[in-house]
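A short reminder: the numbers here are calculations on the coordinates, not readings from a lab. It should be emphasised that the depicted structure is a prediction, and the values quoted were computed from it without experimental measurement. Here the Cβ positions follow ideal geometry from the backbone for every residue, glycine too, while neighbour counts run over all protein chains shown.
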Amino acid sequence: MRVHHTSKRHDWETPPEVFNPLNEEFGFTLDVCASPDNHKCRRFLSILDDGLSCDWSRDTCWMNPPYGRAIGKWMQKAYEESQRCATVVCLVPARTDTNWWWDYAMKGEIRFIRGRIKFLLGGDLHHSAPFPSAIVIFHAWRY
């Protein structure tokens with residue numbers, strides 16, 4: 001039996017209908033989980049940059065993290081960077097049964113997405129995600 005909530009790929013590109021309205025609202029300056037082929041901001045961090053080790057604190061960040069086991073580390077980093085004055089807007093699976101959701105997503109503003117996102121793969125529309133999605137916003141914490 002196939003499992004419908006896993007994928008061998010972790011680099012699904014955000015479709016413009018999801019990204020553009022959020023970019024208009026927040027004015028992103030850094031895409032923290034990107035590649036040269038799927039980045040949404042002029043400035044981006046790729047796997048070679050090791051975004052989990054970089055400083056995001058001066059930026060308004062877009063984050064469509066890898067959806068594998070490492071997602072908890074990315075959500076922790078996003079939350080912690082918001083404590084250092086970054087705003088981080090995250091596109092994540094709405095996995096309300098996971099530890100990372102309760103430990104980090106619940107600390108942000110949550111916007112559930114109606115329906116399923118059609119992610120891009122190589123610039124082409126791909127089939128709908130097999131899971132619901134949410135936008136989690138960690139607003140910059142200012143002193």
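Tabulated data for the structure shown
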read-out: Additional length obtainable on full extension of the chain from Ala70 to Ser53, 0.36 nm per residue less Cα span; value: 4.7 nm
read-out: Rounded FRET efficiency, nearest 0.05, which uses the C-beta distance separating Ile110 from Cys85 and R0 of 25 Å; value: 0.75
read-out: Peptide ranges 129-137, 51-59 listed from the most packed, as the mean C-beta count within 10 angstrom indicates; value: 129-137, 51-59
read-out: Rounded tilt (10° steps) of 16-26 against the dominant C-alpha axis of the chain; value: 10
read-out: MRE, 222 nm, helices only [DSSP H, n ≥ 4, -39500 (n - 2.57), over the chain, to nearest 500]; value: -5500 deg cm²/dmol
read-out: If the convex hull is drawn through the Cα atoms of the chain, its volume per residue in Å³; value: 114
read-out: Placed amide H near Phe119: partners under 5 Å, 5+ positions off or other chain; value: His126, Ala129
read-out: Placed amide H near Asp31: partners under 5 Å, 5+ positions off or other chain; value: Cys41, Arg43, Phe44, Leu45, Trp62
